[in-house]
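Note sheet for the following structure.
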Amino acid sequence: MVKKIRSSYIGRFAPSPTGPLHAGSLVAALASWLDAKAHDGQWLVRIEDVDTPRCVPGADHIILQQLAVCGLHPDAPPIYQSQRGHLYQQALNQLVAQAQAYPCSCSRLDIEQAIAAAGQQRARHAELVYPGTCRGGLNGKQARSWRFLSTFQPSNGPSGQQIRRRADPELIAHEIHWVDRLSGQQHQNVSREVGDFVLQRADGLWAYQLAVVVDDAAQGVTHIVRGADLAHNTARQILLQRALGLPQAHYLHTPVVLGADGDKLSKQNGAQAVDLQDPLEALAQAGQHLGITCFASNPADWLQQAVAQWMVRLVARSGALKLHCD
Ligand code: GLU
């Protein structure tokens, strides 16, 4: 029996209820569960239903059922982001009071036109880097959204904060550094590569970046394990954690499952929903993607073997995924 590593660990799986789980999303669920259990930690489930137009009624129940038949049981009742708007509002208020959030009147078209007018080229599929049009004020226009001020501006905020922020070398450099437990050292210059990102959208809905940071901290999440398609959000989330005075989580991004067309597996390129009748097959497929092979006749036995394999990997830092313990 391999010795358990640590127990102050809280992990989570945070699906958006836009449809049932498929092979790709089960990988993230399984990896986050395995990492939590290998650390003798808790595993939570949070339904990320802030983007209501994209949510499919009933998908939350199907997801919870799919997790349950696979033996992935959360250690506390799932929470729903749609019921937590007051916490996101508090966080936004705090950022406004710190002069780290400002109202913006720009539509997507305004932003595209401002970028074109500045003669900047944008690679296809690249993020639209907000050019900072409303930083200086709305010029009499109507506020549509709220944005995070991604650069340090000595002229903003009460003087105490200026000194504190000026003293933080990473904020002055606008460059966020972190270690991904699988991919190693990472960095991103948020102001240059993303720009001032949205906290509350023009339609009044809370942006994923703010909601995820507020909830991870409120739930005491110490370790975030999720698909690599979300890795590019990490720097923004660390920036928000720092601005809100919240602890920084540890990150691990698992390799994305690709569809036949080479794009991330999704409903559009043929992903099948995890079959409630055949959870062992679903676990085997997800496990295979994580380099885990188990021989079991039921999900509970399969998971027990899988945790043992994950633990060996954490200790040995070897195998298909070289994981770091923290
Ligand atoms: N709700 C996000 C998604 O389903 C995941 C958020 C996260 O794990 O940080 O893509």
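Residue-wise test of (1) within 30 Å of residue 312 (Cα to Cα); (2) surrounded by fewer than 17 Cβ atoms within 10 Å (Cβ to Cβ); (3) over 21 Å from the mean Cα position of the chain (by Cα).
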{"residue": "44", "(1), (2), (3)": "yes, no, no"}
{"residue": "58", "(1), (2), (3)": "no, yes, yes"}
{"residue": "62", "(1), (2), (3)": "no, no, yes"}
{"residue": "68", "(1), (2), (3)": "yes, yes, yes"}
{"residue": "99", "(1), (2), (3)": "no, yes, yes"}
Practice prompt. Starting from residues that are near the ligand (Cβ under 10 Å from one of its atoms) and farther than 14 Å from residue 286 by Cβ, keep the ones in the stretch 17-30 and report whichever is surrounded by the fewest Cβ atoms within 10 Å (Cβ to Cβ).
Written response: 18
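Do we find that residue 14 is within 10 Å of the ligand (Cβ to nearest atom) and open to solvent by 10 Å² or more (accessible area, probe 1.4 Å) in this structure?
yes
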Item to complete: Any chance you could count how many residues in the stretch 253-265 are in a loop (DSSP other than H, G, I, E, B) and without any contact (Cβ under 8 Å) to a residue 12 or more places away in the chain?
Response: 4
Practice prompt. Starting from the stretch 226-247, keep only residues that are free of Cβ contacts under 8 Å to residues at least 24 places away in the same chain, then list their pairs with residues that are more than 11 Å from the ligand (Cβ to nearest atom) whose Cβ atoms are within a distance under 9 Å, requiring at least 6 positions of separation or different chains.
Written response: 245/94
Worksheet item: Out of 256, 274, which single residue is within 15 Å of the ligand (Cβ to nearest atom) and in contact with a strand residue (DSSP E or B) (Cβ under 6 Å, 6 or more places away or on another chain)?
Response: 256
Worksheet item: Only one residue in 218, 249, 207 is within 15 Å of the ligand (Cβ to nearest atom), surrounded by fewer than 17 Cβ atoms within 10 Å (Cβ to Cβ) and either under 28 Å from residue 84 (Cα atoms) or modelled with pLDDT of 95 or more (or both), so which one is that?
Response: 218
Worksheet, complete the sentence: Those residues of the stretch 227-238 that are more than 9 Å from the ligand (Cβ to nearest atom), among the hydrophobic types (A, V, I, L, M, F, W, C) and open to solvent by 10 Å² or more (accessible area, probe 1.4 Å) come to a total of 2
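The values are calculated or read from the model by the stated rules, or taken from the named source; none is laboratory data. The structure presented is a predicted model; accordingly, all values stated were derived computationally and were not measured. With ideal geometry, Cβ positions are generated from the backbone for all residues, glycine too; neighbour counts draw on all protein chains shown. Areas reflect the complete protein model, heavy atoms only, side chains present, ligands, DNA and RNA absent. Shrake-Rupley method; radii C 1.70, N 1.55, O 1.52, S 1.80 Å.
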